[in-house]
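What follows draws every value from the coordinates through simple rules; no lab data is involved. In this text, all values refer to a predicted model and were calculated from it rather than measured experimentally. Ideal geometry is used to build each Cβ from the backbone, glycine not excepted, and the neighbour counts take in all protein chains shown.
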Amino acid sequence: MLRGFRDGEAGNVTVEFVILFPIILTMFLSTVELGMLTVRQTMLERGLNVAVRDLQIGLTENVDHDTIKELICDYAGLLPDCDNALKLEMQPVDLRAYVAMSDDIDCVDRAEEVNPVRTFTNGQANELMILRACLKFAPIFPNVGLGRNFGKDANGDAIMFAVSAFVNEP
């Protein structure tokens, strides 16, 4: 009886399928997640760059945190819940005594009700400014492949950020 079971070839394809299907499915879902991550990152950088261009050439009046945030969200387009998920940080840079922005990226914590602006200084004429935008997003497949490996907060949101620099024109 055992000899017949050992020599039998029925179900051979099923065993291969059971072994390979989870691997192929994980690769497929990770590819979709990576594609969406790339689109979101590209749109965040585009929104930030176009908003900064508007600041540089003077198309934006009454420059403050909320105005720039609204511009970035409008120009970015495809960022989910951008108004609530985006946080900006801007500070002047002294070229003679450069100090980099903190590595501690301040992002929206959706678990908190109040999320104050961290550092947002408009700067003076002819001053170099660095603007960092941080976006929290929910991965499409949070428990599979690439989505599982994102650094996530308590809410299950991952972060991405973009940085741009500009000079305040007089």
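Here are some notes:
- Highest mean packing comes first when the peptides 150-159, 83-92, 127-136 are listed by Cβ atoms within 10 Å, giving 127-136, 83-92, 150-159.
- Judged by the mean number of other Cβ atoms found within 10 Å, the most tightly packed of the peptides 24-30, 50-56 leads the ranking 50-56, 24-30.
- Three-way shape call for region 57-106 based on the alpha-carbon gyration tensor, with the a/c threshold at 1.5: oblate
- Packing-based exposure ordering (other Cβ within 10 Å, fewest first) of Val15, Val39: Val15, Val39
- Calculated FRET value between Ile24 and Arg96, using beta carbons and R₀ = 45 Å, to 0.05: 0.20
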